[in-house]
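The values are calculated or read from the model by the stated rules, or taken from the named source; none is laboratory data. The model shown is predicted, which means the values in this text are computed figures rather than measured ones. Glycine also receives a Cβ, built like all others from the backbone with ideal geometry; neighbour counts cover every protein chain displayed.
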Amino acid sequence: MHDLKAIRENPAEYDKLWAKRGLEPLSKKIMDKDALIRKAMQVVQEAEAARNKSSKLIGQAMGKGDKEEAERLKAEVAGAKNVIAAMGVQLDGERAELQALLAGIPNVPFEDVPEGEDEDSNVELHKHLEPTKLDFEPKDHADLGEALGMMDFETAAKMSGSRFVVLSGKLSRLDRALAALMLDIQTEENGYVEHSPPFLVRGEALFGTGQLPKFEADLYKTTVDHYLIPTAEVSLTNIVRESIVDPETLPRRMTAHTPCFRSEAGSAGRDTKGMIRQHQFNKVELVSITRPENSEDEHKRMLGCAEEVLKRLELPYRVVELCTGDLGFGARRTFDIEVWLPSQDTYREISSISNCGDFQARRMNARYKHAEKDNRFVHTLNGSGLAVGRTLVAVLENYQNEDGSITVPTALVPYMGGVRLIK
RNA sequence: GGAGAUGUGGCCGAGUGGUCGAAGGCGCUCCCCUGCUAAGGGAGUAUACCUCAAAAGGGUAUCGAGGGUUCGAAUCCCUUCAUCUCCGCCA
């Protein structure tokens, strides 16, 4: 959500930044609506003031027993009430329109975010390790998993349809081991506090983080008006909603290992095979709540926290900064971590780490005490640390042996109960 | 799922249609007195928005949230959310 006052003071700047995301200029439309609203507010408020004044006089007249005067005043109030009712309806309508308009406008990028229309303009920042070289034809994770008899898409399809999987045996354990490793790194080394939040949330929570109203089609909704979380970012970030945070507790770092549910409407045909794109997957999420002046530093720190997992697993990856055209709805800057997948001979996204500035904080009214009588919006950041399913895919593909067995990365052996080879 | 109760300012708590943004207490801030402790006196102490070049000032809204009745609602009605108690069910 955007700051109306800021737009009013600097419309050209906003239009310029929105243009970088490929949007038409919007400030004029917003300000015209805003001006209409303020004019209508004045009229309504004047009428309300007149009504309140007369009503008090009626009370006094009644107290004195002067019925005639009271009746005269009542007639007077009727006029004001007409104005309030008529203008009130108009005002509500205008406000709803402006609200809807603002709610659907994405965040503005930071000045120095690379410009570009789509992912082709994303900028590679750095790489870690050389892409895995196998001296045999690499299999993809789905073939490997099915051959092991521990990854079953057909059985999952029978009960749940496409884009689901049943893991079993060592692969199921591997999934758990990866999550445990990730949580241990983030909680024991990086200062994130582990949370076990709700997986079902109300619409307001999703509005707060920006998934609603625009992206309803990507979400699963229950019959009792709950939504399944598409990411724990929603649950974790909303922990500070409608509150005034003690600045001493900032930055506040939270993590959670949760399932994520995505209906992926409109993605038919993409990554149809395997575990890359599923309706349900596990993810260890990182969320930081910061003071405004610290969010950029925290963003870099969070990137490092996510990278650490891949370093520990000795998986090749690269980090890219998304260009303006590829930024998500709420983000001012985003780093993606892409892991190397031998079967695809390319890097694939395994983590996305965003600084949302005060965009989400405004939508959920999350503030901190900046000074006495000066509460300001916090900044919110979120990132995957990491997507467990895709990490499992990366481990299988990068650690595969010619016979289809999988060497367990050293860092995972303790978490696998000492197992060094999956076969 | 059934029955009932509750929801007021930082906290406690009064207030069942009128001058209530809201008594009183606690806490906090400032001042005075005393000045060792303890105590005493006075003033102040919500948020958002509109108006004003700004400040001062003025105005509107807010007593969980939303809607309604009324000239007027913290107070009456409806819906909803949350909490508590009892019963049922259940991992």
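General remarks:
- Boolean, A:Arg301 is within 21 Å of A:Thr380 (Cβ to Cβ), at pLDDT 95 or above and touching a Cys at 6+ places or on another chain (Cβ under 8 Å): no
- Test: residue in the stretch A:106-123 that is closer than 25 Å to A:Asp403 by Cα and either of a type in the set (D, E, K, R) or in the same structural domain as A:Ala361 (by TED's automatic domain parsing) (or both): no
- Test for A:Arg21: is it surrounded by 14 or more Cβ atoms within 10 Å (Cβ to Cβ) and either over 30 Å from A:Cys323 (Cα atoms) or within 8 Å of RNA strand B (Cβ to nearest atom) (or both): no
- The stretch A:24-72: number of residues that are of a type in the set (S, T, N, Q) and either closer than 17 Å to A:Glu9 by Cβ or not assigned by TED's automatic domain parsing to the domain that holds A:Ala86 (or both): 1
- Within the stretch A:123-157, being in a loop (DSSP other than H, G, I, E, B) and out of contact with any helix residue (DSSP H, G or I) (no Cβ under 6 Å at 6 or more places or on another chain) holds for A:Leu129, A:Glu130, A:Pro131, A:Lys133, A:Leu134, A:Asp135, A:Phe136, A:Glu137, A:Pro138, A:Lys139, A:Asp140, A:Gly149.
- Test: residue in the stretch A:61-70 that is out of contact with any Pro (no Cβ under 6 Å at 6 or more places or on another chain), touching a residue at least 24 places away in the same chain (Cβ under 8 Å) and of a type in the set (Asp, Glu): no
- Checked against the criterion of being loosely packed, with under 14 Cβ neighbours inside 10 Å, more than 30 Å from A:Leu327 (Cβ to Cβ) and at pLDDT 95 or above, the candidates A:Gly93, A:Gly161, A:Gly145, A:Gly169 yield just one match: A:Gly169.
- For the stretch A:24-49, taking the residues that are in a helix (DSSP H, G or I) and under 30 Å from A:Gly325 (Cα atoms), the one that is nearest to RNA strand B (Cβ to nearest atom) is identified as A:Asp34.
- Close pairs (9 angstrom Cβ cut-off, 6 or more residues apart or separate chains): part of a loop (DSSP other than H, G, I, E, B) in the stretch A:360-385, among the hydrophobic types (A, V, I, L, M, F, W, C) and within 13 Å of RNA strand B (Cβ to nearest atom) anywhere: A:Asn365/A:Phe377
- Only listed residue being among the polar types (S, T, N, Q), part of a helix (DSSP H, G or I), more than 8 Å from RNA strand B (Cβ to nearest atom) and out of contact with any strand residue (DSSP E or B) (no Cβ under 6 Å at 6 or more places or on another chain), chosen from A:Asn82, A:Asn107, A:Asn52: A:Asn82
- Subset of the stretch A:148-158 [out of contact with any strand residue (DSSP E or B) (no Cβ under 9 Å at 6 or more places or on another chain) and either buried (at least 19 other Cβ atoms within 10 Å of the Cβ) or of a type in the set (A, V, I, L, M, F, W, C) (or both)]: A:Ala157
- Test: A:Glu146 is assigned by TED's automatic domain parsing to the domain that holds A:Gln344, under 20 Å from A:Ala394 (Cβ atoms), in contact (Cβ under 8 Å) with a residue 40 or more places away in the chain and acidic (Asp, Glu): no
- Residue-level check: of (1) loosely packed, with under 14 Cβ neighbours inside 10 Å; (2) within 12 Å of RNA strand B (Cβ to nearest atom); (3) not charged (D, E, K, R), A:Gln99 misses just (2).
- Checked against the criterion of being modelled with pLDDT under 95 and closer than 30 Å to A:Lys133 by Cβ, the candidates A:Gly404, A:Gly385, A:Gly418 yield just one match: A:Gly385.
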